[in-house]
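Structure record follows, encoded as structure tokens.
The values are calculated or read from the model by the stated rules, or taken from the named source; none is laboratory data. Just so it is clear, the model here is predicted, and its values are computed rather than measured. Here the Cβ positions follow ideal geometry from the backbone for every residue, glycine too, while neighbour counts run over all protein chains shown. With ligands, DNA and RNA removed, areas are computed over all heavy atoms of the protein, side chains included. Shrake-Rupley method; radii C 1.70, N 1.55, O 1.52, S 1.80 Å.
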Amino acid sequence: MDLIIRRAALTHHVAGRDAPVDIVIDGGRIVAVEPNVAAKGAQEIDAAGALVAPPFVDAHFHMDATLSYGLPRVNASGTLLEGIALWGELKPDLTQEALIERALQYCDWAVARGLLAIRSHVDVCDPRLLAVEALIEVKRRVAPYLDLQLVAFPQDGLLRSPGAFENLKRAVALGIDVVGGIPHFERTMADGAESIRLLCEFAAEKGLPVDMHCDESDDPLSRHIETLCGEAHRLGLAGRVAGSHLTSMHSMDNYYVSKLLPLMRESGVAAIANPLINITLQGRADTYPKRRGMTRVPEMLAAGITVAFGHDCVMDPWYSLGSGDMLEVAHMGLHVAQMTGVEAMRASFDAVTVNAARILGLEGYGIAPGCHGDCVVLDASDPIDAIRLRATRLAVVRRGKVVARTPAPHAALALEGRPGTVDFKLRR
Ligand SMILES: [Zn+2]
């Protein structure tokens with residue numbers, strides 16, 4: 001046996017009821033998950049009751065823009081539109097070498113954080129397709145340790161930006177995995193709907209999934225999600241379509257949403273909210289009360305819709321912070337959506353693990369015999385504790401090999417009369 005992780009708590013474990021288990025990995029796959037395995041591993045890790053989860057999955061990211069913060073200047077208004085304009089200023093100066101270097105650096109951060117699968121949108125509006133070629137190269141290089149899925153994203157509008165559809169088709173021919181879109185950024189609502197129809201038909205023809213930036217605004221009448229559902233239904237794309245952001249749903253009329261949620265469910269359209277970015281970019285035109293802007297996550301989950309949380313941005317024209325930590329994303333999502341019940345907090349953890357994996361269509365994901373030997377050992381007792389602590393990734397495992405380790409932090413106190421170390425964990 002290549003690797004055995006001893007005494008692991010699993011995400012669905014209930015403290016006091018379930019015994020910890022040993023996870024046995026051989027030949028890159030999990031071969032057993034059971035208590036007290038007698039076999040010996042070539043390498044062994046003692047989790048000592050800590051949570052061992054499947055790796056984090058980011059369902060929405062922009063790896064072509066990441067780590068470009070401050071180039072050529074910072075976003076002064078903090079709005080989505082200034083971010084898009086700023087990215088437009090940066091584009092002519094991009095080089096393939098710099099794109100690859102920044103993306104690889106981000107992938108290192110991701111692996112260290114136990115984030116082993118990322119769906120990244122790639123801007124295809126630059127006819128040179130520099131970013132597309134760079135990220136296809138990055139995908140090839142990181143493949144041994146990270147699944148990078150690429151979305152052809154017409155950032156400046158499929159119809160609004162000259163040649164965008166041709167560029168998108170060329171990007172797909174080069175090996176991009178998913179068809180993207182941005183209907184709310186087209187010139188008119190009608191153009192937005194037309195872009196959805198064209199892109200969904202193209203995806204159906206190519207047998208590809210669809211993931212569109214959809215209704216990323218505070219405009220309650222931005223209803224492109226309805227069209228996206230309609231096209232998914234018409235073309236039989238159920239289970240292969242995701243609407244990213246969907247922030248306008250925050251501002252929509254409740255009666256309209258009571259019809260929209262069942263439509264999303266019926267059409268098999270998943271939702272990807274991006275809590276850090278939505279709470280930062282939306283509501284910028286409001287005075288007070290100021291809208292939160294994130295889509296209706298608890299209501300979607302209750303309606304049976306698959307919902308993931310994405311990171312979206314790290315140190316780029318739209319967002320100046322972030323470090324590839326999906327627990328920080330889950331933490332923000334939980335707060336913005338007020339998902340504070342026990343089940344809701346656990347659902348926030350699912351939104352950066354299993355739900356995101358389902359949207360990406362990852363094969364062999366999970367902690368069960370037959371799954372890939374991929375996992376993250378967290379310095380926490382359960383998913384809620386992991387979110388609370390943004391827990392240290394004690395070990396990150398990919399295909400049975402340890403690819404990152406971080407020591408558990410213990411603060412040394414220097415208090416009069418109370419010397420010692422502090423451990424913020426609570427073993428429940
Ligand atoms: Zn995005």
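In this structure the chain gives 40 Å² per residue of accessible area when probed at 1.4 Å with all protein chains present.
Placing +1 on each Lys and Arg Cβ and -1 on each Asp and Glu Cβ, with no other charges, gives the chain a dipole about its Cα centre of roughly 800 debye. Between the residues TYR69, ALA330, ILE277, the greatest Cα displacement towards the positive end of the dipole of the chain, with unit charges on the Cβ of Lys, Arg, Asp and Glu, is found for ALA330.
Could you work out the relative contact order of the range 3-99, using alpha carbon pairs under 8 angstrom and six or more residues apart, expressed as a whole percent?
On the way: 105 pairs, mean separation 24.7, N = 97.
Rounded, it is 25 percent for the range 3-99.
Inter-label distance, ARG187 to GLU166: 1.8 nm, where each label sits 7 Å from its Cα along the C-beta direction.
Mind pulling the angle between the C-alpha long axis of helix 80-90 and the longest principal axis of the chain? Nearest 10 degrees, somewhere in 0 to 90. Between helix and principal axis, roughly 90 degrees. Using the average count of surrounding beta-carbon atoms within 10 Å as a protection proxy, the listed peptides 322-331, 307-316, 69-78, 148-157 rank, highest first, as 307-316, 148-157, 322-331, 69-78.
Taking only protein heavy atoms and a 1.4 Å probe, the accessible area of the range 310-428 is 58% carbon and sulfur. Note on ALA238 and ALA15: the model spin-label points, each 7 Å out from Cα along the C-beta direction, lie 4.1 nm apart.
Look at the dipole of the chain built from charges on Cβ: of LEU360, GLN96, PHE185, the Cα furthest out on the positive end belongs to LEU360. The amide H of ASP46, built 1.01 Å from its N in the peptide plane, has ARG6 as neighbours under 5 Å, considering only residues 5 or more places off or on other chains.
Taking amide H positions as modeled 1.01 Å from N, with prolines and chain starts lacking one, the residues under 5 Å from VAL269 and 5 or more places away or on another chain are GLY239. Residues in the range 390-401 carry Karplus couplings, in order, of 6, 4, 4, 8, 4, 8, 10, 10, 10, 6, x, 10 Hz; the curve used is 6.51 cos²θ - 1.76 cosθ + 1.60 with θ = phi - 60°, and Gly or Pro positions show x. Computed extension length for VAL422-GLU44: 133.4 nm, one decimal, from 0.36 nm per residue of separation with the Cα-Cα distance subtracted.
Quote the relative contact order of the range 265-410 in percent (integer), defining contacts as alpha-carbon pairs under 8 Å separated by 6+ residues.
Details: 221 pairs, mean separation 26.4, N = 146.
Once divided by the residue count of the range 265-410, the mean separation gives 18 percent.
Shape class of the range 231-383 from the alpha-carbon gyration tensor: oblate, with a/c at 1.5 or above and b/c at least as large as a/b. A straight Cα-to-Cα reach below 18 Å connects LYS425 with the aspartates and glutamates ASP46, GLU328, ASP379, ASP382, ASP385, residues fewer than 8 places away in its own chain not being considered.
Under the shape rule built on the C-alpha gyration tensor, where the axes satisfy a ≥ b ≥ c, the range 308-369 is oblate, since a/c reaches at least 1.5 while a/b does not exceed b/c. The calculated FRET efficiency for the pair GLU194 and GLU343, based on their C-beta separation and a Förster distance of 51 Å, comes to about 0.80. Across the range 403-408, computed HN-Hα scalar couplings (Karplus, 6.51 cos²θ - 1.76 cosθ + 1.60, θ = phi - 60°) run 9, 7, 9, 9, x, 5 Hz from first to last residue, x flagging Gly and Pro.
Arranged from highest to lowest average of other beta-carbon atoms within 10 Å per residue, in what order do the peptides 266-278, 409-421 appear? Before the final figure, lay out each step's value.
Working: 266-278: 25.1, 409-421: 8.7.
Result, highest mean Cβ count within 10 Å first: 266-278, 409-421.
The calculated 222 nm mean residue ellipticity attributable to helices in the chain amounts to -10000 deg cm²/dmol, summing -39500 (n - 2.57) over DSSP H runs of n ≥ 4 and dividing by all residues.
Rounded if a/c is under 1.5, else prolate if a/b is larger than b/c, else oblate: which is the range 337-428, with a ≥ b ≥ c the root eigenvalues of its Cα gyration tensor?
Numbers: a/c = 3.35, a/b = 1.57, b/c = 2.13.
It comes out oblate by the Cα gyration axes.
Computed from Cα positions, the angle between helix 96-112 and the longest principal axis of the chain comes to roughly 40 degrees.
Peptides 365-371, 231-237, ordered by how many other C-beta atoms sit within 10 Å of their residues on average, highest first, read 231-237, 365-371.
Placing a label point 7 Å from the Cα of ALA85 along the Cα-to-Cβ direction, no residue of the range 172-213 has its backbone N under 12 Å from that point. Between the alpha-carbon centres of the range 151-181 and the range 192-261 there is a gap of 17 Å. Rolling a 1.4 Å probe over the protein heavy atoms of the range 43-173, with every protein chain left in place, gives an accessible area that is 55 percent carbon and sulfur. Among the listed pairs LYS91/LYS169; LYS91/LYS139; LYS91/LYS401, a Cα-Cα separation exceeding 31 Å is found for LYS91/LYS401.
Counting only alpha carbon atoms, the long axis of helix 254-267 and the longest principal axis of the chain meet at about 70°. Rounded to the nearest whole Hz, the Karplus-based 3J(HN,Hα) values (6.51 cos²θ - 1.76 cosθ + 1.60, θ = phi - 60°) of the range 338-352 follow the sequence 6, 8, 9, x, 4, 5, 5, 5, 5, 5, 5, 5, 4, 5, 10, with x at glycine and proline. Ranking SER267, SER381, ALA164 by Cα position along the charge dipole of the chain, where only Lys, Arg, Asp and Glu carry charges on their C-beta atoms, puts SER381 farthest toward the positive end.
Would you work out the relative contact order for the range 175-215, in percent, from Cα pairs under 8 angstrom that are 6 or more residues apart?
That works out to 57 percent.
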